[in-house]
Structure formats: C-alpha cells, structure tokens
Amino acid sequence: MRFMPEPWRVKVVEPIRLPDREERERDLVAAGFNLFMVPSEAVFIDLFTDSGTSAMSDNQWAGMMIGDEAYAGARNYFHLEETVHEIFGFPYMVPVHQGRVAENLLFSHLVEPGSIVPSNNHFDTTRANIEVNGGEALDLVIDEGRDPEADHPFKGNIDLDKLRNLFETTPRERIPLAMLTLTNNSGGGQPVSLANVRAMSELCKELGVPFYLDACRFAENAWFIKQREEGQSGRTVAEIARETFSYADGCTMSAKKDGLANMGGFLASRDQGLIETIKQRMVVIEGFPTYGGLAGRDLEAVSRGLREVLEEDYLAYRTGQVAAFGRALTEAGVPIVQPPGGHAVYIDARHFLPEIPQAHFPAQALVVALYREGAVRGVEIGSVMFGHDDPETGDPVFAPMELVRLAVPRRVYTNSHLKYVVEVLEEIKQHKDRLKGLKIVSQAKVLRHFTARFEEIG
Ligand SMILES: Cc1ncc(COP(=O)(O)O)c(C=O)c1O
C-alpha cells in the first residue's frame, strides 16, 4: 500500500479554499514574499509547521470540558504532572505555554556570556534563547546529518568524537549544559538512536555536564528507534521513550508537536533546586507554576495528547504518511533529504534549483513558487533562517543546507491533500529554470526569517 489509511474517521470538518492565481500574486507581493506574512485563509494546504496545528481527538476535546480554571492547583495540572512523571520519569516540572518559554527559563538560569551549549542541531528558538543570554549554540551533528543524500538510519545523532573534543578543550564552567534535539528538526527531522543518547549521557556524566533533551518529537523518535535500532523492535514505544529520558537530567518540551495539542509545553528536571528557582522567575513572566501560561483545559489536552501520541497504530500511520509523501516526491524527481524525517519532508532546494546561488536564497524561491503555483505553504530552512552577515566583514554567511520543509500537521490532512502537493511540485518542476531568486530588503536582528521582506531578482 503506497499511502496508509488514516486510523481515524472525520467527525468535524473545516472548509479550506484555493485562492485564484491573481489573489495569490497579490498576497505574495503584500507579504514581501515572506509566507509568515500571508493570512492563513489565503493558504490552501498549509505545511508551514507541524507545531500547534494538530487535530485533537474526541478524547482531548472531552478533556477540555473538565478544565479546572482555578488560579492555583487546578486538577488538570496534577493530571499533567502525573503524565510527565509516568512517560518521561522526571520528578519535577513546570508547565509553560510553549517550548521556547521552557528554553528561556532554563537558559536564562544556566547560560551566561562565554557559555557554549553543544547539541546535534539547535532549533532556531533554542539557538536564539542561548544567544540572547550571551552563549554560543554549537551544532555537532554527525557528518551524514549535513548531507541530504547520505543514507543513515539515525542522521540526527551527535558526533561523539567532536563532543569529547569540545569537553576536553573547553573549561568545564563554560559548558553549563549539553542538549540533544529529538528528532532533529533543523537537520531534516532525523531521529537520534538510543545508543547515541546513552553514550552522550555517559560522556556528560563523566564531565559533570547537565544533559537536557529537546523532547518536542519524542514519540516519533522512539518509533524510529523501534523500527531501525537493533534489539528494539520487540519493545513498546513507551518503554523506549522511558529509557531515552532515563539518560537525561531533564527536558524542554513543546507540546505543540508530540503533545498533540494546539498550545502548551513544559520544562522537566531531576534537579529540584533548579525547578524551584525557575518557579520563582516564572511567576513574573509566565504565570503561577501550576498553570504556566495555560488554561486548565489546555493542560488537560496536553496531558491526554501525550498519552495518545504513544499509540503505535497512530505512529505507524503518522510516519508512514510522511514516508509515502517523500516517496511520491522522489518518484516525481524532486530531491529530498533521505530518508524522510518523522514530521516533514525536506526538499533540497540547492539541488532542485542549481541555477539560483545561495546568496539569492534558493529555498525561499521555492517556497514562493509553491504558494504561487498552488497556495501551498512551506517554510525555508536555509540561509534566510540560519544565515547572517559577518559582523566584521559584512559578507553573507550561508547555512550548510538550503531546505524547504513541508511539515505535515498531525491528523489534519488526508493523503489526497498530500497528492495535490506532489502535483504542484511536478508543475513547478516543468518550469523551474524560470524561478527567480530573492534579495532581503528589510530584516530584524534576531530570528530574521519571521519578519524579513524580500524582492524578486530580475
Ligand atoms: C526542535 C524544536 N525545539 C523547540 C521548538 C520551540 O517550540 P515552541 O514553538 O512551542 O516555542 C520547536 C518548534 O518548532 C522545535 O521544533
């Protein structure tokens, strides 16, 4: 079977509409060719992100009705605390309204000017939260993880030799923590093996460096471990997840991904002192520690979502749908990062559009073409997101890869929606030599991709 049937049936529908070509052109110009600026109603198939875009189950919606909206000690907080304890094994946690707040709270406590925080690949918000505290976010993914064509079952793994070398050549006090992103979103949604997590944990213990996981897509990661890692196929995903987290000192979590919720997250740890200090800071910026910027009903949706996401029928379908989407694109001659990741397919725009130089943002050019051709929204993960101008020379510094991420929201689009996207790309491929590069005409200093405005070149 090429596309696996969905293990759910539709109970509620939300109409979507394909705007005509003129409207699309107008929207692109008004948005400064930045898809962050296009209204959602002008998008037909929105593959911008898998974050906060999941369709909740009837069980989650039912849970929303028992939301306890008390300021302190809401019952749903205790449900979430119990769920986090059971699934992740961490004794202390605080809820937050989304993952970057967990990062902000953790890094503003641990990171200072001169700090280095290694990871496989930091996500953009993680990187920004380290950098605003004066630290350096260092990416040490294995070489295969930087090569879109390399075949490796765990392209999200961290390079342990590089990590050891960093630990041996850097004063211990400059490394306040080390991280791993599961799965590795910036590197193509690629998983990290259990063996890699274990080995990194041992190295961190040896050197006394706290080890935190960015757990956004922990269930998809555990599913890949079950499928691909020797000796893991007979275990449940829940057991694999539990072992994964047993090697860490804590985690940051955006429940907008594998929490199957539209909002929410948490910071969890084994360090009671750290969580107590963070609770004090939290009251100022996020809310009382038993609600963390969320309504009681949101806490319940997250708590139920975290349990549902470990259902293996769901994970088989979820990763199967993304894999089939990737296969269909490959068959259509669109180069993608191989193998497809857990939550998204990443098109290798440099390979697809070799005539557009990196300085003219080939991945952004493809994002524009996807909207222009079919009102499909994807996101650039390349030199717009990760490039910058060298502060000394003013020369542009490019990202290692120019990718377009087509993220598949959880339980939202059927397989025929994804077939439509494949057809749009087939259409683009016919005239790809006519696509135009872009130049940035205005940009912010931090996270420029959210608000930058572009002009087409030529
Ligand atoms: C790997 C990773 N970490 C952190 C975040 C930040 O989470 P949030 O958007 O909930 O702040 C994201 C969001 O996409 C992510 O993919």
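The values are calculated or read from the model by the stated rules, or taken from the named source; none is laboratory data. What you see is a predicted model, and the numbers here were worked out from it, not measured in a lab. Note that we place each Cβ from the backbone using ideal geometry, even for glycine, and neighbour counts take in every protein chain shown. The accessibility values were calculated without ligands, DNA or RNA, using every heavy atom of the protein model including side chains. Shrake-Rupley method; radii C 1.70, N 1.55, O 1.52, S 1.80 Å.
Using the Cα atoms of segment 71-118 to build a convex hull, what is its mean projected area in square nanometres?
Mean shadow area of the hull around the Cα atoms is 4.7 nm².
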Open item on the list: I'd like the carbon and sulfur percentage of the solvent accessible area for segment 158-294, probe radius 1.4 Å, heavy atoms only, ligands and nucleic acids excluded.
Closed with: 49 percent
- [ ] Would you mind working out the magnitude of the charge dipole of the chain relative to its Cα centre, with +1 at each Lys and Arg C-beta and -1 at each Asp and Glu C-beta, to the nearest 20 Debye?
- [x] 620 debye
Open item on the list: Looking at the chain only, what percent of DSSP beta bridges run antiparallel? Nearest 5 please.
Closed with: 70 percent
TODO: Hand me the tally of lysine pairs in the chain: alpha carbons under 27 angstrom apart, and the pair either on different chains or 8 or more positions apart.
DONE: 24
Open item on the list: Can you give me the distance in nm between label points at residue 11 and residue 431, each placed 7 Å from the Cα along the Cα-to-Cβ direction?
Closed with: 4.5 nm
Task: Value at 222 nm in deg cm²/dmol, rounded to 500, when DSSP H runs of n ≥ 4 in the chain each add -39,500 (n - 2.57) - done: -12000 deg cm²/dmol
Open item on the list: Modelling each spin label as a point 7 Å along the Cα-to-Cβ direction, I'd like the residue 445/residue 66 distance in nm, to one decimal.
Closed with: 4.9 nm
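So for segment 272-428, averaging the separation of alpha carbon pairs under 8 Å that are six or more residues apart and normalising by length, what relative contact order in percent results?
Numbers: 184 pairs, mean separation 31.6, N = 157.
Value for segment 272-428: 20 percent.
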TODO: Starting from the Kirkwood radius over alpha-carbon pairs of segment 314-414, derive D by Stokes-Einstein at 4 °C in a medium of 1.567 mPa s and give it in µm² s⁻¹.
DONE: 90 µm²/s
Open item on the list: I want to make sure I understand the PRE zone here: with the label point 7 angstrom from the Cα of residue 389 toward its beta carbon, which residues in segment 435-458 have backbone N atoms less than 16 Å away?
Closed with: 439-449, 452-455
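Per residue, how much accessible area does the chain show when a 1.4 Å probe rolls over the protein heavy atoms, in square angstrom?
On the way: 18490 Å² over 458 residues.
Accessible area per residue, the chain: 40 Å².
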Task: Rounded Å value of the spacing that divides the Cα centres of segment 1-79 and segment 201-232 - done: 29 Å
Task: Euclidean distance between Cα centres, segment 92-146 to segment 428-451, Å - done: 26 Å
- [ ] Kindly report, to the nearest 10 Å², the accessible surface of residue 249 as traced by a 1.4 Å probe over protein heavy atoms only.
- [x] 60 Å²
Open item on the list: Rounded to the nearest 10 Å², what accessible area does residue 398 have for a 1.4 Å probe in the complete protein model?
Closed with: 80 Å²
